[in-house]
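The values are calculated or read from the model by the stated rules, or taken from the named source; none is laboratory data. Predicted model only: the values in this text are computed from it and were never measured. Reconstructed Cβ throughout: ideal geometry from the backbone, glycine too, with neighbour counts over all protein chains shown.
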Ligand code: ZN
């Protein structure tokens, strides 16, 4: 089990999160950029080493859709994310690719053209790959649930993400892959077949939480594993059958769980991971 540090974003800063994760014998973490920036990059890298924590990824690069005036700053930002991931020793940089330009890079001229947004994502990932490849930092495209298509990510199915991988990395040797998040993908009728298609080389991360019914907020109402309707163990089985040997990373954006003490959240994650993941 790995803890994505957004799960504890309101309870403490990165040093406090790392200390608690080590104490609860969590094997790995996936830190977020804003938390790393707050703690300081070099200090965060040292804290990770000192705590004996592995990384399951670095969250996140992306938000690549921008108008002309904001495109270069988006590129620069993504290159910095790659460099930070290298410094931290992350196995991959997770990409939340962005939706329409006005939401992906605020200040960009508004557009309703989602096809153009998707074309730009392909161009920008190709561009970033040229930088990430010599830095030896794999890029993991995370397909998002279609409810996020406008604001956060216009790559919405695993098939779409893998088609892009096949286009930009046909020989599977350029370090391009996917992050499979059960919250975004559980509903997809093609999920099992696309996970099998991805195979070990493309499966770079596995994010777990649960889908609550009814869901009351698009972003901050994710459930603790076992509290919703996702058959997480079934999906984990598909991942492992396809050759995935990495962590199950708990990533819960939740107003409910952000109000609980850090130790209680971690205890619950450990218990649920054993029981339902
Ligand atoms: Zn995720």
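Numerical summary
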{"quantity": "Lone unmet requirement of (1) buried (at least 21 other Cβ atoms within 10 Å of the Cβ); (2) within 15 Å of the ligand (Cβ to nearest atom) for residue 219", "calculated": "(1)"}
{"quantity": "Residue satisfying condition, being out of contact with any strand residue (DSSP E or B) (no Cβ under 8 Å at 6 or more places or on another chain), modelled with pLDDT of 95 or more, within 15 Å of the ligand (Cβ to nearest atom) and under 26 Å from residue 276 (Cα atoms), within set 207, 145", "calculated": "145"}
{"quantity": "Qualifying residue in segment 165-178 (condition: within 16 Å of the ligand (Cβ to nearest atom) and either more than 15 Å from the chain's Cα centre (by Cα) or at pLDDT 95 or above (or both))", "calculated": "yes"}
{"quantity": "Residue tally, condition surrounded by fewer than 22 Cβ atoms within 10 Å (Cβ to Cβ) and touching a residue at least 40 places away in the same chain (Cβ under 8 Å), over segment 163-182", "calculated": "6"}
{"quantity": "Among (1) touching a helix residue (DSSP H, G or I) at 6+ places or on another chain (Cβ under 9 Å); (2) part of a loop (DSSP other than H, G, I, E, B), the one test that residue 127 misses", "calculated": "(2)"}
{"quantity": "Residue within segment 36-53 that is within 16 Å of the ligand (Cβ to nearest atom), closer than 23 Å to residue 252 by Cα and in contact with a helix residue (DSSP H, G or I) (Cβ under 6 Å, 6 or more places away or on another chain) present", "calculated": "no"}
{"quantity": "Residue tally, condition in contact with a strand residue (DSSP E or B) (Cβ under 8 Å, 6 or more places away or on another chain) and more than 16 Å from the ligand (Cβ to nearest atom), over segment 257-269", "calculated": "1"}
{"quantity": "Positions within segment 235-271 being surrounded by 21 or more Cβ atoms within 10 Å (Cβ to Cβ) and out of contact with any helix residue (DSSP H, G or I) (no Cβ under 7 Å at 6 or more places or on another chain), in sequence order", "calculated": "247, 249, 254, 269"}
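Residue-wise test of (1) touching a residue at least 24 places away in the same chain (Cβ under 8 Å); (2) surrounded by fewer than 20 Cβ atoms within 10 Å (Cβ to Cβ); (3) within 30 Å of residue 115 (Cα to Cα).
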residue: 1; (1), (2), (3): yes, no, no
residue: 10; (1), (2), (3): yes, yes, no
residue: 19; (1), (2), (3): yes, yes, no
residue: 27; (1), (2), (3): yes, yes, no
residue: 46; (1), (2), (3): no, yes, no
residue: 59; (1), (2), (3): yes, no, yes
residue: 75; (1), (2), (3): yes, yes, yes
residue: 79; (1), (2), (3): yes, yes, yes
